[in-house]
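A quick write-up on the structure given underneath.
The values are calculated or read from the model by the stated rules, or taken from the named source; none is laboratory data. Given the structure is predicted, the values throughout are model-derived calculations rather than measurements. Here the Cβ positions follow ideal geometry from the backbone for every residue, glycine too, while neighbour counts run over all protein chains shown. For accessibility, only protein heavy atoms count, side chains too; no ligands or nucleic acids. Shrake-Rupley method; radii C 1.70, N 1.55, O 1.52, S 1.80 Å.
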Amino acid sequence: MAAEQEFWLGGLPFSGSNYPQSAGSPRELTKDMTQAWHQSSASVGPSTPDDADYWPQTQHIKNADIGYLSELLVRYIIILGAGITLFYTTNSSFYLVWLIAYFSTNSLYCIALLCTNAPVSRRWYGTLFAMNVVTSATYAFMPIYLWTTSNDPTLQAVSLCGIIGHGMFNLAKHTRRTLVSHWNMFIVEISAVAVIATIISQTAFLPAQIAIGFCGLAVMAYYALAQFSMMNDREALADSHVQKLEDLKISAMGQITAGVAHDFNNKLTVIQGNIDLSTLTHDPAERAERLADARAATEQAAEVVAHMRAFVRKSPVSLQTVSLSSVGATLSQSMEPYLPENISFLIRNDAADTEIEIDPDLLQTALLNLALNARDAMAQSGGQLELRFSNANITNWLGRPPAGTGPFVRIDVCDSGPGLPAEQFGIVQEPFFSTKPAGMGTGLGLSMVKGFTEQMGGSLLLQNRHVGGLEVSILLPRNAARGANT
């Protein structure tokens, strides 16, 4: 692939750790939908050198030179330590002058990179490249100088370490074939030429000179080949990552579109059928019943839309301060008509006086969904449905860390049903996945709860209880305004 025709995924390098791993089923592809959607929508940068924006190339330089603060600090400490050691060993201020020159040029270069944001013009990109040339040449000067001017084995060892370190930096950091990567490789090769030329000049035997020259050139060629190969592999991995994200996006959209279309088609069939029957009957009571069924179907369709908006965290939010005691009381009244005689309902509120800032309607809808799911899990055998409220410590939370800031409250919805099979924990929160028989659920209830929880800056956790049954836990910040994606 030519270097001019590049696709950039946010200018970031890729490794096996951040490459998406997904299986082939639509549900397993769907669970990465949100991440794939956001990453792929901003993944493609300038594709030719004539484009006005050089931000992707600049982003690559930033990732290579200042991408990791810890690596940058270690690099500075090593170079500073080497320069001070050389000064004390030789008692020459020349090495202090070199240190000042290197840190001055490199600090200005790093500051320029930190202050650079998109878009980037051709002129500014050329300025950054020139600054990189100056700072890398300043660094490379010292190892070359030490090797070519000194016969001290200690100084020559320091020189070799500097050259090898520069080569390792290039192999580790550069993920694209750019002017900067080519220049840095050229500097390393020049340093190697200086080493080989010096060794040859100190050898009088011609066959030995030829052997040293051949071996040195072979190592240089192999190093260049290895760097080009690594950059090509990383480019290919980045391009395949972009394609994978596009595939995830299309597959996820197809899954969701098919589910919504199927659900709405069922609702429309009910609506149309009842309206048609209402026009054929002359009995006012039957006509009213048919129209009521049609209205109920429209309400169910509106509920599907509400669930989808909650899943993508786009539900309108109206934050209010409510007490957990009022939340429990309201849910108890809402659940009363839906509980059969063989299921008891228990509320344990250890934080009755605690107030939280949240959207009470969305919270009630989420808890009602969880409570109804728990009821359905115990429909055959009966059991106990328990709702627990408590103040929570995030250090004891076993789920994904919440986006919001503490203090937190925890709400647990527990049942004494059969629990959840281990193989379903990874897919049960996906849209349109349902453990209920066909036609008994939309498969959006739990995904809606997850979307609402994350919208409020919280986290959702499912786990089977040791005594049997399922426990669904919601961790929410008391002040959702500090964590809500509203």
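Surrounded by 23 or more Cβ atoms within 10 Å (Cβ to Cβ), in contact with a strand residue (DSSP E or B) (Cβ under 8 Å, 6 or more places away or on another chain), at pLDDT 65 or above and not hydroxyl-bearing (Ser, Thr, Tyr): which single residue out of Val449, Val428 fits that description?
Testing whether each residue is surrounded by 23 or more Cβ atoms within 10 Å (Cβ to Cβ), in contact with a strand residue (DSSP E or B) (Cβ under 8 Å, 6 or more places away or on another chain), at pLDDT 65 or above and not hydroxyl-bearing (Ser, Thr, Tyr) leaves just Val449.
Being modelled with pLDDT under 90 and either within 49 Å of the chain's Cα centre (by Cα) or open to solvent by 50 Å² or more (accessible area, probe 1.4 Å) (or both) is true for just one of Ala204, Ala221, Ala192. Which residue is that?
After applying the criteria, what remains is Ala204.
Looking at the stretch 127-156, which of the residues that are of a type outside the set (Val, Ile, Thr) and modelled with pLDDT under 90 is most open to solvent (accessible area, probe 1.4 Å)?
Within the stretch 127-156, the match that is most open to solvent (accessible area, probe 1.4 Å) is Asn151.
Just for the stretch 365-402: of the residues that are open to solvent by less than 40 Å² (accessible area, probe 1.4 Å) and in contact with a Ser or Thr (Cβ under 6 Å, 6 or more places away or on another chain), which one is farthest from Gly468 (Cα to Cα)?
Going through the qualifying residues, I end up with Pro402.
In the stretch 295-337, how many are closer than 25 Å to Arg375 by Cα, modelled with pLDDT of 80 or more, of a type outside the set (Gly, Ala, Ser) and surrounded by 12 or more Cβ atoms within 10 Å (Cβ to Cβ)?
Final tally of qualifying residues: 6.
So, Met185, is that one hydrophobic (A, V, I, L, M, F, W, C), in a helix (DSSP H, G or I) and crowded, with 19+ Cβ neighbours inside 10 Å or not?
Here the answer is yes, as Met185 does meet what is asked.
If you check Ala403, Ala374, Ala392, which single one turns out to be in contact (Cβ under 8 Å) with a residue 60 or more places away in the chain and touching a Cys at 6+ places or on another chain (Cβ under 8 Å)?
Result: Ala374 is the single residue among Ala403, Ala374, Ala392 that is in contact (Cβ under 8 Å) with a residue 60 or more places away in the chain and touching a Cys at 6+ places or on another chain (Cβ under 8 Å).
Among the candidates Ile84, Ile61, Ile66, single out the residue that is open to solvent by less than 80 Å² (accessible area, probe 1.4 Å) and in contact with a Cys (Cβ under 6 Å, 6 or more places away or on another chain).
Ile66
What single numbered condition from (1) under 28 Å from the mean Cα position of the chain (by Cα); (2) of a type outside the set (Asp, Glu); (3) at pLDDT below 75; (4) open to solvent by 40 Å² or more (accessible area, probe 1.4 Å) fails to hold for Ala422?
Status for Ala422: all satisfied but (3).
Checking Gly468 against (1) in a helix (DSSP H, G or I); (2) modelled with pLDDT of 75 or more, which single condition isn't satisfied?
Going through the list (1) in a helix (DSSP H, G or I); (2) modelled with pLDDT of 75 or more, Gly468 breaks only (1).
So the check is Cβ under 7 Å with 6+ separation or different chains; which pairs have a first residue in the stretch 173-190 that's within 17 Å of Met142 (Cα to Cα) and a second one that's β-branched (Val, Ile, Thr) and open to solvent by 10 Å² or more (accessible area, probe 1.4 Å)?
Val188/Ile163
Please verify whether Tyr95 is without any contact (Cβ under 8 Å) to a residue 12 or more places away in the chain, in a helix (DSSP H, G or I) and among the aromatic types (Phe, Trp, Tyr), treating the condition exactly as stated.
no
Residue by residue, here is whether (1) under 30 Å from the mean Cα position of the chain (by Cα); (2) part of a strand (DSSP E or B); (3) at pLDDT 85 or above; (4) of a type outside the set (Lys, Arg) holds:
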| position | (1), (2), (3), (4) |
| --- | --- |
| Leu363 | yes, no, yes, yes |
| Asn373 | no, no, no, yes |
| Ala379 | no, no, no, yes |
| Gln384 | no, yes, yes, yes |
| Leu387 | no, yes, yes, yes |
| Pro402 | yes, no, yes, yes |
